[in-house]
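Structure first, then comments.
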Amino acid sequence: MAYFVTGATGFIGRHLVEELLRNRTGDVYVLVRESSQDRLASLIASWPDGAARVHPVLGDLGEPKLGVDEAWIAEHRRKIDHFFHLAAIYDMTADDERNEKLNVEGTRHAVDLANALEAGILHHTSSVAAAGAHRGLFREDMFDEGQKLPSPYHRTKFESEKIAREDSTVPFRVYRPAVVVGHSQTGVMDKVDGPYYFFKAIQKIRGWLPEWAPLIGPELGWTNIVPVDYVAKAMDHIAHEDGLDGQAFHLAHPKGQRSGDILNTFARAGHAPHMAMRIDKKLIDMLPKGTLSMVMKLPALKGVRDSILKDFGIPPEVVEHVGLSCQFDTRDTERALAGSDIAVPELDSYATKLWDYWERTLDPDLYKDRSFEHAVNGKTVVITGASSGIGLSAAMKIAKAGGIPILVARSMDKLEAARDEIVRAGGTAYAYSADLSALDSIDELVEKILADHLSVDMLVNNAGRSIRRSIALSQDRFHDFERTVQLNYLGTIKLTMGLLPHMRERKFGHIVNVSSIGVQTSPPRFSAYVASKAALDAWTRVASSEVIGDNITFTTIHMPLVRTPMIAPTKIYDSFPTISPDEAGDIICEAIRAKPKQINTRLGTFGEVLYAVAPKAVDQILHMAYKVFPDSAAAKGESDPSEKASVEQIAMANIMRGVHW
């Protein structure tokens, strides 16, 4: 017995070859491209008796007769008992041209080779996709029923099966696998495909909610999945049964499965919440024909949909074809397998193996470079307030990672010293003096930066002014509010808006705004400072929704109390728990690396939640703090060298670490 196999290095193909080697005798000839010989060699080494019985045949799917040498064809004419054609592209996201080349032309070339070899039987691997959008039961003896073929993949699987049926001069058999997933015993799968596209969404939901949380989700219709080991075993067995030529076999679950049931099964396998209630797709189907597709073509809704799908790693093409319009009869397959122990296992029995293998091996996040160096290397980052403290710390870390910090502050002497320090450490940096509270100065700064540099990739709005003074002491100091708003809000958005057109043109940009935990906790005596930062937060929320389509993102850092010269006049802070400028610089670097929407402390988040739930109670708590932490001597325009924190103040500051009291 001799076999010829195309696609032997593919997912189904390599399992089929293993079955042939395990259950049959004789040689197995496998088509291999020159570039895939190393991959085949490693498989041969892993197959039972592979080195002695598996023989590579150089060729290519895109060449006539698969590019196999005419002398080899002549030598093996009438000596190949079974010709298995599995080589194809199984990808719903592939374009029409690629599907046509590999599925249609590849099959034509394979059939020509099988004919030239006068092979015993041509075994063509088709797909249930050949049924297209047929409605109702699709039997194994059905093929050309006038069904719609909604994608390039569906169309080319239909056309390739037609070629095998009509152009073959040797006996043929057709196998139509359903959606093939990993091995039911090992979980092994070669790529993210089919239901695996939804695993990332399940994983993310697991991170957001406890396992017991009930969910409401869509029922996307019927589908049908089978493990690869069942497909390979069934093909091997049916190929060697007598009297089955000219037939097609659905290698599918005999009853089919609801997509919602499958997603829930995988959710349980991944210890994630599952859908306690599902909205039937039939409710959507009741809409006038074409209504939903027309609505989803609206740019705004399409953008929302694509953004959500991208976050979950789900290609839009996959969503459109999750639900099958028909179910598949498997009676011929069951009759052919009668007497063997080959049957489709229930998903519940192997879903955990599939999930574990995906999470350990296929999860795309395992292969992402999540390093700060990857995020910033070669990127130009404008940093305000960069001559000292937090800004300088962040700039040095950025330069060390291969980024190019553009240092901005008022004092050129300090900026040049900071730049020189970075250069001595082996980095690159540039310094620009500007008064960020003067709008004309910001215009000049933006013009000069864009003239000097090809690109600005990121902006860190770190410069700011803080004033700790009660309303009672601010009656005659309205300029406190004007100055904080001018720098913390107006100057910051002026600079951001100056760089936004450049970022929008390049379709890339990330902006980090250093806000304050005070915006979340509203501590007394910081009305001027907190209001200016809150205004920046509000502007950012609005602006981010407008520019997200240009691939421009924002991160707001609600920074806890940092030990910088800005807090030095308030002497009680000498005894308060704070983070260092270096630690604050790390937070900025994390904002650049991960690009989250916000970076908060737990206390800050708790403050926001508590105020939303019980605002009057929060007022009382903060009023108590107002009494515990009086105005400093500096706030009164005085100097008191003996001023220091009381035991009560230190205790409260430690309980509510990071808050500006």
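The values are calculated or read from the model by the stated rules, or taken from the named source; none is laboratory data. These numbers were taken from a predicted model, which means no experiment stands behind them. So basically every Cβ, Gly included, is an ideal-geometry build from the backbone, and we count neighbours across all protein chains shown.
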- Query: Quick check: is even one residue across the stretch 435-456 surrounded by 15 or more Cβ atoms within 10 Å (Cβ to Cβ) and in a strand (DSSP E or B)?
  - Reply: no
- Is it fair to say LYS379 is out of contact with any Phe, Trp or Tyr (no Cβ under 7 Å at 6 or more places or on another chain), surrounded by 16 or more Cβ atoms within 10 Å (Cβ to Cβ), at pLDDT 95 or above and not assigned by TED's automatic domain parsing to the domain that holds ALA591? no
- Can you pull out the residues in the stretch 188-197 that are of a type outside the set (Lys, Arg) and under 13 Å from ASP363 (Cβ atoms)? MET189, VAL192, TYR196, TYR197
- Task: Would you point out which residue out of GLN203, GLN185 is over 26 Å from the mean Cα position of the chain (by Cα), closer than 24 Å to ASP363 by Cα and touching a residue at least 60 places away in the same chain (Cβ under 8 Å)?
- Result: GLN185
- Query: Hey, among the residues in the stretch 27-82 that are in a strand (DSSP E or B) and touching an Asp or Glu at 6+ places or on another chain (Cβ under 7 Å), which one's surrounded by the most Cβ atoms within 10 Å (Cβ to Cβ)?
  - Reply: LEU58
- Just wondering, is there one or more residues in the stretch 130-152 that are touching a Lys or Arg at 6+ places or on another chain (Cβ under 6 Å), of a type in the set (A, V, I, L, M, F, W, C), closer than 30 Å to VAL57 by Cβ and assigned to a helix (DSSP H, G or I)? yes
- Message: Quick check on my filter: what residues within the stretch 509-545 are closer than 27 Å to GLN475 by Cβ and without any contact (Cβ under 8 Å) to a residue 24 or more places away in the chain?
- Response: VAL530, ALA534, ALA538
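Scan the stretch 219-253 for residues that are assigned to a loop (DSSP other than H, G, I, E, B) and at pLDDT 95 or above and jot them down.
First pass over the stretch 219-253, keeping only residues assigned to a loop (DSSP other than H, G, I, E, B): 220-221, 224, 240-247, 252-253.
Within the stretch 219-253, HIS240, GLU241, ASP242, GLY243, LEU244, ASP245, GLY246, GLN247, ALA252, HIS253 meet the criteria.
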- Exclusive hit being among the acidic types (Asp, Glu), in contact with a strand residue (DSSP E or B) (Cβ under 8 Å, 6 or more places away or on another chain), outside the structural domain of GLY402 (by TED's automatic domain parsing) and at pLDDT 65 or above, set ASP356, ASP348, ASP365, ASP332: ASP332
- Note on the structure: Taking the stretch 95-111 and keeping residues part of a helix (DSSP H, G or I) and at pLDDT below 75 leaves ASP96, ARG98, ASN99
- Odd one out for VAL17 among (1) within 23 Å of ASP229 (Cα to Cα); (2) in contact (Cβ under 8 Å) with a residue 40 or more places away in the chain; (3) of a type outside the set (Lys, Arg): (2)
- Could you say whether any residue in the stretch 228-246 is among the small types (Gly, Ala, Ser) and farther than 30 Å from ASP81 by Cα? no
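Test LYS191 against the criterion of being touching a helix residue (DSSP H, G or I) at 6+ places or on another chain (Cβ under 8 Å), surrounded by fewer than 22 Cβ atoms within 10 Å (Cβ to Cβ) and closer than 22 Å to GLU18 by Cβ, and give yes or no.
When the stated conditions are applied, LYS191 passes them.
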